[in-house]
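Accompanying notes for the structure given below.
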Amino acid sequence: MICMEKFLINGSELEIEIAKTFFSRLRGLMGRKKLEKGRGLLLAPCNSIHMLFMRFAIDVIYLDKDFCIKKIARDVSPWIGMSVCLGAWAALELPSGEAQRLKLEIGQKFTRN
């Protein structure tokens with residue numbers, strides 16, 4: 001079962017898929033051909049990601065439990081990329097370039113719509 005929620009930041013609404021189980025977090029975006037602009041995948045709990053078996057680059061937004069941005073990893077490369085943020089509660093995977101398009105900065109907070 002896929003759980004989708006809407007999140008707001010900087011006046012933009014994002015449709016976010018929530019990976020609620022161990023296996024959905026493990027699978028992540030592997031096997032998908034792309035991720036549409038305005039969509040993302042929230043992995044929680046999660047403080048690191050790998051890009052094995054990925055077909056496209058992503059931006060990774062690390063969040064604390066209050067959905068405040070702790071770190072932004074931009075344009076993480078498929079297959080060879082990886083990223084870590086010690087102390088993060090969640091990783092929000094977005095299409096590459098979304099962090100710039102949304103003008104995301106460390107300290108900003110996502111809200112649920």
Q: Looking only at segment 64-86, count how many residues are in contact with a strand residue (DSSP E or B) (Cβ under 7 Å, 6 or more places away or on another chain) and either assigned to a loop (DSSP other than H, G, I, E, B) or in contact (Cβ under 8 Å) with a residue 60 or more places away in the chain (or both).
A: 4
Q. List the pairs whose first member sits in segment 89-110 and is in contact (Cβ under 8 Å) with a residue 60 or more places away in the chain and closer than 21 Å to L26 by Cβ, whose second member is aromatic (F, W, Y) and not in a loop (DSSP other than H, G, I, E, B), and whose Cβ atoms are under 8 Å apart, counting only residues at least 6 apart or on separate chains?
A. L92/Y62
Q. All but one of (1) surrounded by 14 or more Cβ atoms within 10 Å (Cβ to Cβ); (2) in contact with a helix residue (DSSP H, G or I) (Cβ under 9 Å, 6 or more places away or on another chain); (3) within 17 Å of N113 (Cβ to Cβ) hold for L42; which doesn't?
A. (2)
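Which count do you get for residues in segment 36-61 that are aliphatic (A, V, I, L, M) and either under 13 Å from G81 (Cβ atoms) or in contact with a Phe, Trp or Tyr (Cβ under 7 Å, 6 or more places away or on another chain) (or both)?
If we filter segment 36-61 for residues that are aliphatic (A, V, I, L, M), which is where we start, we get 41-44, 49, 51-52, 54, 57-58, 60-61.
Remaining after also requiring either under 13 Å from G81 (Cβ atoms) or in contact with a Phe, Trp or Tyr (Cβ under 7 Å, 6 or more places away or on another chain) (or both): 44, 49, 51-52, 54, 57-58, 60.
Adding up the residues that qualify gives 8.
Taking the residues in segment 97-113 that are part of a loop (DSSP other than H, G, I, E, B) and touching a Phe, Trp or Tyr at 6+ places or on another chain (Cβ under 7 Å) as candidates, determine which candidate is modelled with the lowest pLDDT.
Out of the qualifying residues, it is N113.
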**Q.** Selection from segment 61-90 of residues that are surrounded by 20 or more Cβ atoms within 10 Å (Cβ to Cβ) and closer than 20 Å to E13 by Cβ
**A.** I61, L63, I69, A90
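Looking at segment 87-103, which of its residues are of a type outside the set (A, V, I, L, M, F, W, C) and under 20 Å from N47 (Cα atoms)? Show your work before the answer.
Just the residues of segment 87-103 that are of a type outside the set (A, V, I, L, M, F, W, C), to begin with: 87, 93, 95-98, 100-101, 103.
Within segment 87-103, G87, E93, P95, S96, E98 meet the criteria.
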(Q) Tell me yes or no: at least one residue of segment 19-39 is in contact with a helix residue (DSSP H, G or I) (Cβ under 8 Å, 6 or more places away or on another chain) and surrounded by 20 or more Cβ atoms within 10 Å (Cβ to Cβ). (A) yes
Q | So I80, is it hydrophobic (A, V, I, L, M, F, W, C), modelled with pLDDT under 95 and either in contact with a Phe, Trp or Tyr (Cβ under 9 Å, 6 or more places away or on another chain) or under 21 Å from H50 (Cβ atoms) (or both) | A | yes
Q.
Take residues that are over 18 Å from F110 (Cα atoms) and tell me which of the strands (runs of 3 or more DSSP E) falling wholly in segment 1-62 contain 1 or more.
A. 48-50
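The values are calculated or read from the model by the stated rules, or taken from the named source; none is laboratory data. In this text the structure is predicted, and so the values were computed from the model without any measurement. Backbone-built Cβ (ideal geometry, glycine too); neighbour counts: all protein chains shown.
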